[in-house]
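Chemist: Quick one: the structure is below, questions incoming.
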Amino acid sequence: MSGGGVPGLNQENRAHLHVAVVAARWHPTVMDGLVGGALWALKDAGIAEPTVLRVPGAFELPVAAQTLASCRRYQAVVALGAVIRGDTPHFDYVCQSVAQGLTQVSVHTSVPIGFGVLTCDTEEQALDRAGLADSAEDKGYDAAAAALATAAALHGAARAPS
């Protein structure tokens, strides 16, 4: 399990940031956990009212993130989804497309995208990362914390004298 390498991210003094969370609807128990974790991280950072947008599945995350990031209202977007391997190559195509799409959004808009898309072999693995009461990890919280830390770092860099 990779959770041991999670950096400690200071969540203080982030209340000035506007953040959107875009989340898929597939795998509702997993997704409810991921969204709950992301909202908890945002609350810990003092962000009281993030925008939450739900889309059908992980494949739709990049276009939703692009729309949110392009409107220039948000300093960070958190993308949450779960893709669980099946018996066809569909898993590989969706995972690759989502990762590349979200990377392109972030690079082209200069808005940090918190990557909270689980790519698991089994539903049990997804549940173990969903931030539920008996989960080992909370990838929703981690994705939001990473997006906030990146937005804060970029905000600080933009304000630094050249």
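Chemist: I'm trying to understand the selection: among the residues of region 107-148, which are surrounded by fewer than 19 Cβ atoms within 10 Å (Cβ to Cβ) and of a type in the set (Val, Ile, Thr)?
Modeler: Of everything in region 107-148, those that are surrounded by fewer than 19 Cβ atoms within 10 Å (Cβ to Cβ) and of a type in the set (Val, Ile, Thr) turn out to be VAL107, THR109, THR122.
Chemist: If I filter region 105-122 down to residues being of a type in the set (Val, Ile, Thr) and over 14 Å from VAL19 (Cα atoms), which single residue comes out as farthest from the chain's Cα centre (by Cα)?
Modeler: Looking at the filtered set, the residue picked out is THR122.
Chemist: Are there any pairs with C-beta distances below 6 angstrom linking a residue in region 19-41 that is farther than 17 Å from GLN75 by Cβ to a residue that is assigned to a helix (DSSP H, G or I) and among the small types (Gly, Ala, Ser), with the two at least 6 apart or on different chains, and if so which?
Modeler: ALA24/ALA58; VAL30/ALA126; LEU34/GLY140; GLY37/GLY140
Chemist: Restricting attention to region 123-150, report how many residues are under 21 Å from ALA45 (Cα atoms), of a type in the set (A, V, I, L, M) and more than 13 Å from the chain's Cα centre (by Cα).
Modeler: 1
Residue by residue, here is whether (1) surrounded by fewer than 22 Cβ atoms within 10 Å (Cβ to Cβ); (2) at pLDDT 95 or above; (3) farther than 20 Å from ALA152 by Cβ; (4) out of contact with any Leu (no Cβ under 6 Å at 6 or more places or on another chain) holds:
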residue	(1), (2), (3), (4)
GLU12	yes, no, no, yes
VAL21	no, yes, no, yes
GLY33	no, yes, yes, no
TYR74	no, yes, no, no
VAL83	no, yes, yes, yes
GLN100	yes, yes, yes, yes
GLN104	yes, yes, yes, yes
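The values are calculated or read from the model by the stated rules, or taken from the named source; none is laboratory data. Since this is a predicted model, take the numbers as computed values, not measurements. All Cβ positions, even for glycine, are placed from backbone atoms using ideal geometry, and neighbour counts span all protein chains on display.
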